[in-house]
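Here's the structure we're looking at; comments come further down.
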Amino acid sequence: MKKTNSLLAYLLIGIGIYFLLREMKIPILTNFYSWQTLLIIIGLALLIHSYTSKTYQNLFVGTIVLGLGIHLHGVQHYSFWIDHWGVILLIIGFAFIVRYAKTKKGLVPGLLLILLAVLFIFSINLPAYFDWIYSIIDLFERFWPLVLIIIGLYLMKKK
């Protein structure tokens, strides 16, 4: 019960600080008064709770929520931020690596997702002899929902 209370405590503290700073209207923080910041706070709360309670079940989800919050904030407020769907793969890959650091599970999927993300994000600048990759990327971009369906079916059948 104490572990659940600590997660709730971290969430309440983070959200309380967010709304307090919002009420104070500090000019330098105006870009952070958004729903993306709430995602960042939730992700941080999940990560802090996982590390302090030494139950690492929320590391994966916390990393994804934090990463999505940072990414969506960056897309909204910074013109140089990369706005590509491959960033989502990159965030999930990092989540696997963060979880691997404590549980020793998920290194290979994490590395593969990071490699795929980098390939997809920077596929625009590939040399001419990698033209075959463009056709694979086009197929993947068109039929990526099938990948989700296949993974879901695999997880249902897996014991």
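Data table
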item: Options Val65, Val61; residue that is assigned to a helix (DSSP H, G or I), buried (at least 19 other Cβ atoms within 10 Å of the Cβ) and in contact with a Leu (Cβ under 9 Å, 6 or more places away or on another chain); result: Val65
item: Residues being surrounded by fewer than 20 Cβ atoms within 10 Å (Cβ to Cβ) and over 10 Å from Ile64 (Cα atoms) - total across segment 88-99; result: 1
item: Exclusive hit being within 10 Å of the chain's Cα centre (by Cα) and either over 25 Å from Leu20 (Cβ atoms) or not basic (Lys, Arg) (or both), set Ile42, Ile82, Ile92; result: Ile92
item: Selection count where residues are at pLDDT 90 or above and open to solvent by 60 Å² or more (accessible area, probe 1.4 Å), scope segment 25-58; result: 6
item: Boolean, Ser79 is without any contact (Cβ under 8 Å) to a residue 24 or more places away in the chain and of a type in the set (Gly, Ala, Ser); result: yes
item: Matching residues, segment 130-159, being open to solvent by 100 Å² or more (accessible area, probe 1.4 Å) and assigned to a helix (DSSP H, G or I); result: Trp132, Leu139, Arg142, Trp144, Leu148, Ile150, Tyr154, Leu155, Met156, Lys157
item: In segment 101-129, the residues that are open to solvent by 70 Å² or more (accessible area, probe 1.4 Å), in a helix (DSSP H, G or I) and not charged (D, E, K, R); result: Val108, Leu111, Leu112, Leu115, Leu116, Ile124, Asn125, Ala128, Tyr129
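The values are calculated or read from the model by the stated rules, or taken from the named source; none is laboratory data. Keep in mind that what you see is a predicted model, and the values were worked out from it rather than measured. Every residue, glycine as well, gets a Cβ built from its backbone with ideal geometry; the counts of neighbours run over all protein chains shown. All accessible areas refer to the heavy atoms of the entire protein, side chains included, with ligands and DNA or RNA removed. Shrake-Rupley method; radii C 1.70, N 1.55, O 1.52, S 1.80 Å.
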